[in-house]
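Engineer: Take this structure first; my questions come after.
The values are calculated or read from the model by the stated rules, or taken from the named source; none is laboratory data. This one's a predicted model, so the numbers in the text were calculated from it and none came from an experiment. Reconstructed Cβ throughout: ideal geometry from the backbone, glycine too, with neighbour counts over all protein chains shown. Only protein heavy atoms, including side chains, enter the accessible area calculation; ligands, DNA and RNA are left aside. Shrake-Rupley method; radii C 1.70, N 1.55, O 1.52, S 1.80 Å.
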Amino acid sequence: MAVTRVLVLRALGLGDLLVSVPALRGLRAAFPAATITLAAPNGLAELAGLTGAVDEVLPTSGPGELAWPGPPPSVAVNLHGGGPESTRALFAARPGRLLTHAHPEFPAVDGPKWTERVREADRWCGLLGYYGIRADPDDLALARPLGTSPAPGAVVVHPGAGFGACRWPGERFASVARKLAAGHPVVVTGDDSERDLAESVAREAGLPGHAVLAGKTGLAELATLVADAALVVSGDTGVGHLATAYGTPSVVLFGPSSPDRWGPPPAPRHRHIVLWSGEEGDPFSAEPHPGLLRITPGEVVAAANRALG
């Protein structure tokens, strides 16, 4: 059977998209003539195209929202998760073949066993490998968007995070930004909901108003900013993964999730410094994890100076 259309489910956030790039490229290499459709949030469409592996994005905010509009895809691929919801959603598209992890709710599915403690890029490349599709988990690079960076050569400080457990206090980011601004231009980023946080960080750091870029950049412009930055300082969030994708030096503060699963490839091949207390916990809680709070501004500044080299 000729593979003409591949449906891939990854209806998650920016960082989740970026760690799945190696698997997407593996699918492109395996099915070079097929149309590859990524079911993901519509806001990620600009960056999905930069992978060189996605032809179109089907706007999808979660597995339950997947609505496949056309004839059954030749192949459906579950890069979303190991639970039954994502597998069930792809079955509803009636694919000719489904590539997914095994789950007891679907005993007829021949797939690999889900393992919790695995580096995320390795997980999805391993899934494809089970089905004989090769993918390189370190193939994380992203094409640079067209356009000009709003602050070329700046240090990018990104204080926000999707969940409070991963959010280092704003006043500590301000302390770091103040120290780094003595020798480098510094900008503060975030989405529109994080503008107040970014303004507070900039104000406490003594930065000018134009240094606040939170809510002022789309994803493509944020990508150009990171691609042309001198350094990125962030928590465990999508901007840190953008730094990995563009080879931009970074200092990423981890907690409570382990960098062994979500962190950048290990040094010395890459100029990324991971700070982590070694203590894991609930990544979805509202308050900063105690392990994250053990990281001090002095440690972050010292790591930033090493990364700037």
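Engineer: Tell me, please, whether a residue that is out of contact with any Pro (no Cβ under 6 Å at 6 or more places or on another chain), surrounded by fewer than 18 Cβ atoms within 10 Å (Cβ to Cβ) and closer than 19 Å to G13 by Cβ can be found in segment 275-282.
Structural biologist: If we filter segment 275-282 for residues that are out of contact with any Pro (no Cβ under 6 Å at 6 or more places or on another chain), which is where we start, we get 275, 277-279, 282.
Filter once more, so that each one left must be surrounded by fewer than 18 Cβ atoms within 10 Å (Cβ to Cβ): 277-279, 282.
With closer than 19 Å to G13 by Cβ added as a condition, the list becomes 282.
Within segment 275-282, one or more residues are out of contact with any Pro (no Cβ under 6 Å at 6 or more places or on another chain), surrounded by fewer than 18 Cβ atoms within 10 Å (Cβ to Cβ) and closer than 19 Å to G13 by Cβ.
Engineer: Restricting to segment 1-15, give me the number of residues that are basic (K, R) and open to solvent by 10 Å² or more (accessible area, probe 1.4 Å).
Structural biologist: Quick first cut of segment 1-15, residues basic (K, R) only: 5, 10.
Then drop every residue that is not open to solvent by 10 Å² or more (accessible area, probe 1.4 Å), which leaves 5.
Residues meeting the conditions: 1.
Engineer: Which of the residues belonging to segment 16-46 are open to solvent by 10 Å² or more (accessible area, probe 1.4 Å) and either assigned to a strand (DSSP E or B) or in contact with a His (Cβ under 7 Å, 6 or more places away or on another chain) (or both)?
Structural biologist: V19, T35 - these are the residues of segment 16-46 that are open to solvent by 10 Å² or more (accessible area, probe 1.4 Å) and either assigned to a strand (DSSP E or B) or in contact with a His (Cβ under 7 Å, 6 or more places away or on another chain) (or both).
Engineer: Where residues in segment 153-200 are of a type in the set (D, E) and not in a loop (DSSP other than H, G, I, E, B), which of them is farthest from S285 (Cα to Cα)? Break it down into steps so the answer makes sense when it comes.
Structural biologist: Quick first cut of segment 153-200, residues of a type in the set (D, E) only: 171, 191-192, 194, 196, 199.
Checking the rest, the ones that are also not in a loop (DSSP other than H, G, I, E, B) come to 171, 192, 194, 196, 199.
Working: E171: 20, D192: 22, E194: 18, D196: 21, E199: 24 Å.
Ranking the qualifying residues of segment 153-200, first place goes to E199.
Engineer: Here is a follow-up. Which one of the conditions (1) open to solvent by 20 Å² or more (accessible area, probe 1.4 Å); (2) of a type in the set (G, A, S); (3) touching a Leu at 6+ places or on another chain (Cβ under 8 Å); (4) at positive phi does G255 fail to meet, given that it meets all the rest?
Structural biologist: For G255, the exception is condition (1).
Engineer: What residue, among those in segment 185-222 that are under 18 Å from the mean Cα position of the chain (by Cα) and either of a type in the set (S, T, Y) or over 18 Å from G162 (Cα atoms) (or both), is most open to solvent (accessible area, probe 1.4 Å)?
Structural biologist: Of everything passing the filter in segment 185-222, E221 is most open to solvent (accessible area, probe 1.4 Å).
Engineer: Here is a follow-up. Evaluate the following for S149: is it at pLDDT 95 or above, more than 22 Å from D16 (Cβ to Cβ) and buried (at least 16 other Cβ atoms within 10 Å of the Cβ)?
Structural biologist: On the way: at pLDDT 95 or above: yes; more than 22 Å from D16 (Cβ to Cβ): yes; buried (at least 16 other Cβ atoms within 10 Å of the Cβ): yes.
Yes, satisfied.
Engineer: If a residue must be open to solvent by 40 Å² or more (accessible area, probe 1.4 Å), in a loop (DSSP other than H, G, I, E, B) and touching a strand residue (DSSP E or B) at 6+ places or on another chain (Cβ under 7 Å), how many such residues does segment 56-76 contain?
Structural biologist: Pass one, segment 56-76, residues open to solvent by 40 Å² or more (accessible area, probe 1.4 Å): 56, 59, 61, 64-65, 67-69, 71-72.
Filter once more, so that each one left must be in a loop (DSSP other than H, G, I, E, B): 61, 67-69, 71-72.
Applying the additional criterion that residues be touching a strand residue (DSSP E or B) at 6+ places or on another chain (Cβ under 7 Å) yields 68.
Qualifying residue count for the region: 1.
Engineer: For segment 77-124, which positions are closer than 22 Å to D139 by Cα, in contact (Cβ under 8 Å) with a residue 60 or more places away in the chain and not in a helix (DSSP H, G or I)?
Structural biologist: Those that are closer than 22 Å to D139 by Cα, in contact (Cβ under 8 Å) with a residue 60 or more places away in the chain and not in a helix (DSSP H, G or I): V77, N78, L79, H80, R117, V118, R119.
Engineer: Taking A286 and the conditions (1) more than 25 Å from V186 (Cα to Cα); (2) in a helix (DSSP H, G or I), which numbered condition does it fall short on, given that it satisfies the others?
Structural biologist: Of everything listed in (1) more than 25 Å from V186 (Cα to Cα); (2) in a helix (DSSP H, G or I), A286 misses just condition (2).
Engineer: Now a separate question. Which numbered condition trips up R306, out of (1) basic (K, R); (2) over 15 Å from the mean Cα position of the chain (by Cα); (3) modelled with pLDDT under 90?
Structural biologist: (3)
Engineer: Only one of these is within 20 Å of the chain's Cα centre (by Cα), under 26 Å from A48 (Cα atoms) and outside any strand (DSSP E or B): G240, G255. Name it. Even if it seems obvious, please write down each step before you answer.
Structural biologist: Values: G255 fails: under 26 Å from A48 (Cα atoms).
Only one candidate qualifies: G240.
Engineer: Given (1) in contact with a Leu (Cβ under 7 Å, 6 or more places away or on another chain); (2) of a type outside the set (K, R); (3) within 22 Å of H241 (Cα to Cα), identify the lone condition not met by W68.
Structural biologist: (3)
Engineer: Being under 14 Å from the mean Cα position of the chain (by Cα), under 23 Å from R306 (Cβ atoms) and open to solvent by 30 Å² or more (accessible area, probe 1.4 Å), is that true of even one residue in segment 224-232?
Structural biologist: no
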